[in-house]
Amino acid sequence: MNNKRNYEYLLSDLSSLKGVGTKTKNLLKKKNINNLFDLLWKLPKSYTDRSLSSKVKDLKIGEIQTVTIIPQKYNFPRVRKLPNRVLCTDETGEIDCVFFNSYEGYIKKILPLGREITVSGKITHFRNKYQITNPKYLSEDSSLIKQVHNKYSLTDGVSEKIYNKILVQIIDNLPDFKEWHSKSIMSKFQNISWNSSIKELHKPKNIGNFKSNFYQRLAFDEIFSTFLVNSQIRKKIRKIKKKNKNINIKKQNTLISNLDFSLTNDQIKSLDEINKDLSSTNKMFRLLQGDVGSGKTIVSLISAINTINSGFQVAVMAPTEILARQHYKLAKKIFPKNINVELVSGKSEYKTKKVILKKLEDNKIDIIFGTHAIFQKKVIFKKLGLIIIDEQHKFGVNQRKRLSDKGGVDCDVLLMTATPIPRTLTMTIYGDMDISIIREKPKNRKPVKTYSKLEAKIDDVLKYINKEIKLGNQIFWVCPLIEESKKLDHSSAVKKFEYLEKKFPNQVSLLHGKTDLEEKNLILNNFLKNKFKILVSTTIIEVGIDFPNANVIVIENANKFGLSQLHQLRGRVGRGDKDSTCILLLKSNLSENAKKRIKILKDTNDGFLISEEDMKIRGFGDILGFKQSGIKNFKLADPIHNSDLFVLAEKEMRRIEKFNENIAKFKPLIKLYDRADIINDIA
Ligand code: ADP
Ligand code: MG
């Protein structure tokens, strides 16, 4: 029977289990538990061993004990405050079952006189007699009580009894899969099968045994299935044949030599990788990853001009209009005059838009900049050859997949992200793409000087700001929340704006999550044009925009932010050639952890390093971009503690890719673990 079960059994609906009715099903659904497989990750938190029974005379006071007794006499006092009692005995002595707030009828039902019953609970002593108060574990069938009872976290409203009952059913019926891993992988886990691993995982004695072979094996399965799915997507995309682009290196180099800086080594290397993809007959699906201010834009624009020079159109999508406009302006500036550069904005009039659409269709526009609007259905390109997407860390793998299909076969795709993340996560989140990394910062870049300051000393900060304003510089002032929340003790951007406005009349503006789009654009543009000096905002300051004149950023309640986020915020300044400063305002009493974090930030400017440290301190869930990435969270695997498993999984995946191994044997693994359902048609 067991052997016939396959992965479909585990993917079946919860109602196939005994003891799961609509109510339980709905409660579990709320916890995102939709099938038997999901339930496998509901692990006991602790357990109570009720399996051994004792005679009354041997009962140990203060401990949870199991005893088989016969109820002899009810004692239901009239006085309300007194508890109801049932005198019970075995051949060695007497014990009272004591009930507070229970109806007589109920007590008579669960403890009928003269019938043997097995009870388990904490033993106490009262007036020289043993007693159990409000016993919950009792039955005439002693085998139901004499067990090890697992305890589960009960926040979802499902009782322990139900969890015990349903998990036993699944675990007793686990399919015996044919092993999907290679011998060499299996030897790393002492050859323990998936089936046995799950069984071990649920044994109460194994709670928290993270180093064990079964735990490691299951964590590996999780990581490996993610990598495998990514690899399959990548392979599929690479298989798409396209018309190659002929890169005109001479024109490219002329453009580069006209820039007022020289490219960094990493910029050159990334550009080479992109050029190779563009000139190949396989579709490019590449991520350009680089720290804030590492100079991704110019790399993407050079790729664009190479694409245009080989006779194709390019579309550049930015997350905001301001950023789209900034890229557009840069292209206008550095591209030869004969290139048709266009910007489509939400504000463009209907007529203008129509003209632009027509021109795109007639191949009269070489490159167009805009927000997601440029990918609407009605936008038709004559010969789209490259899509560039800036600051896209909010895209999940599904969205990316759709994107790679967009634009037709001849269209390459380049995505950019300024979210440096640890390598283990890069493989997890972006494993479906090829990756170019810019680690090196431009040579002229001065590190942002980072200070921490107690809020009590805000006057010093104001003095400093005043000095900077007199030098013609601008300031970002970041507050964590928009409205005062006493509970969280966050500063309020609104209050801070009012406060600063008094100190620096007519020089301050406010941006927060509720500012409408048009006003926001206006404010940002005015800031860009240096029309006011201090921009107070919540964390919504746009990613990617260059404000060369802003060289000070003040971050309030800095310890409320993650390291990576602080680093991103700090990256808003220090893009021009001025000295720049980041001031972390802190309330007193920082925890040791918070102190550690702030120190890392002061010590280094390397976003990749910072993200590694951030992950070590706060766990991977908090790393920027991970939560938004749309990929499921791991159930067991942890990029910090299992980094060796991530390395192993990558190695194994590369091996499979290299030998072009048939992955049909992984079908159950993928079916079970890949909830995104990206691969429907393997094997
Ligand atoms: P990001 O990688 O965050 O998108 P940008 O592309 O906006 O960074 O570049 C930030 C700034 O650095 C821009 O003003 C850009 O002109 C400048 N820049 C880019 N590459 C170099 C370089 N190699 N040397 C000097 N400045 C550079
Ligand atoms: Mg950018």
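The values are calculated or read from the model by the stated rules, or taken from the named source; none is laboratory data. All of these numbers come straight from a predicted model, not from anything done at the bench. Methodologically, a virtual Cβ is constructed for each residue, glycine included, from the backbone with ideal geometry; neighbour enumeration extends over all protein chains shown. Note: accessible area is taken over every heavy atom of the protein model, side chains too, but ligands, DNA and RNA are not part of it. Shrake-Rupley method; radii C 1.70, N 1.55, O 1.52, S 1.80 Å.
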√(5λ) per eigenvalue of the Cα gyration tensor, segment 249-438, largest first, Å: 24, 20, 16
Which FRET efficiency, nearest 0.05, do Ala664 and Lys531 yield, Cβ-Cβ r, R0 45 Å? 0.10
Working only with C-alpha atoms, what are the Rg and Dmax values of the chain, expressed in angstrom? 32.3, 104
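Determine the shape class of segment 449-604: with a ≥ b ≥ c the square roots of the Cα gyration tensor eigenvalues, call it rounded for a/c under 1.5, and otherwise prolate if a/b is greater than b/c, oblate otherwise.
Details: a/c = 1.45, a/b = 1.24, b/c = 1.16.
Cα axes put segment 449-604 in the rounded bin.
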How high is the relative contact order of segment 449-604, in percent, with contacts defined as C-alpha pairs under 8 Å that are six or more residues apart? 32 percent
Of all DSSP beta bridges in segment 449-604, what percent run antiparallel (nearest 5)? 5 percent
Can you compute the FRET efficiency between Asp603 and His125 using 1/(1 + (r/R0)^6), with r the Cβ-Cβ distance and R0 = 56 Å? Round to the nearest 0.05. 0.40
Segment 642-670 and segment 205-248: distance between their alpha carbon centers, rounded to Å: 7 Å
Per residue, accessible area of the chain with a 1.4 Å probe, heavy atoms of protein chains only, in Å², comes to 48 Å²
Spin-label model distance (nm) - Ser46 vs Thr22, 7 Å beyond Cα toward Cβ: 3.7 nm
Give me the distance in nm between label points sitting 7 Å out from Cα along the Cα-to-Cβ direction at Gln376 and Ser588, one decimal. 5.7 nm
Debye, to nearest 20: dipole size of segment 51-146, +1 on Lys, Arg Cβ, -1 on Asp, Glu Cβ: 480 debye
If you keep only loop residues by DSSP, which trypsin sites (Lys or Arg not before Pro) in segment 134-188 have at most 12 other Cβ atoms within 10 Å of their Cβ? Lys136, Lys178
About its Cα centre, segment 163-290 carries a charge dipole, from +1 on Lys and Arg Cβ atoms and -1 on Asp and Glu Cβ atoms, whose size in debye to the nearest 20 is 640 debye
How charged is the neighbourhood of Asp277? Take every other residue with its Cβ under 11 Å from the Cβ of Asp277, and add Lys/Arg as +1 and Asp/Glu as -1. +2
Between the alpha carbon centres of segment 104-156 and segment 288-316 the gap in Å comes to 72 Å
Roughly speaking, what is the stretch gain from Lys30 to Lys443, that is 0.36 nm per residue apart minus the C-alpha to C-alpha distance, in nm to one decimal? 143.5 nm
Accessible area of the chain with a 1.4 Å probe: how many percent of it is carbon plus sulfur? 51 percent
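Once the piece of chain linking Glu657 and Ser182 is laid out straight, how much longer is it, given 0.36 nm per residue of separation minus the C-alpha distance between them?
169.6 nm
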Restricting to bridges with both residues inside the chain, how much of the DSSP beta-bridge set is antiparallel, in percent to the nearest 5? 35 percent
With 24 Å as the cut-off, how large is the P(r) tail for segment 169-320, expressed as percent of Cα-Cα pairs? 56 percent
Can you give me the long-range amide H partners of Ile389? Hydrogens built in the peptide plane at 1.01 Å from N, cutoff under 5 Å, separation of 5 or more residues or another chain. Met317, Leu414, Leu415, Met416
Suppose a student asked you for the relative contact order of the chain, using Cα pairs under 8 Å spaced at least 6 residues apart; what percent would you report? 13 percent
Would you calculate, for the chain, the mean residue ellipticity at 222 nm contributed by helices, counting each DSSP H stretch of 4 or more residues as -39,500 (n - 2.57) and dividing by all residues, to the nearest 500? -11000 deg cm²/dmol
Of all the C-alpha pairs in segment 51-146, what % are more than 16 Å from each other? 50 percent
Cα→Cβ-extended label distance, 7 Å offset, between Asn191 and Phe76, nm: 6.4 nm
Could you tell me the calculated FRET efficiency between Ser348 and Asp260, based on Cβ-Cβ distance and R0 = 41 angstrom, to the nearest 0.05? 0.85
If the chain between Ile64 and Asn134 were fully extended at 0.36 nm per residue, the gain over the current Cα-Cα distance would be 23.9 nm
Answer in debye to the nearest 20: the dipole magnitude of the chain about its Cα centre, from +1 Lys/Arg and -1 Asp/Glu charges placed on Cβ, is 760 debye
Looking at Ile233, Gly607, Val379, which one has the Cα that reaches farthest to the positive end of the dipole of the chain (charges on Cβ: Lys, Arg +1; Asp, Glu -1)? Val379
Just report the Cα centroid separation between segment 329-363 and segment 267-287, whole Å. 25 Å
Among GluC sites (Glu not before Pro) in segment 272-366, those in a DSSP loop whose Cβ has at most 16 other Cβ atoms within 10 Å are Glu349
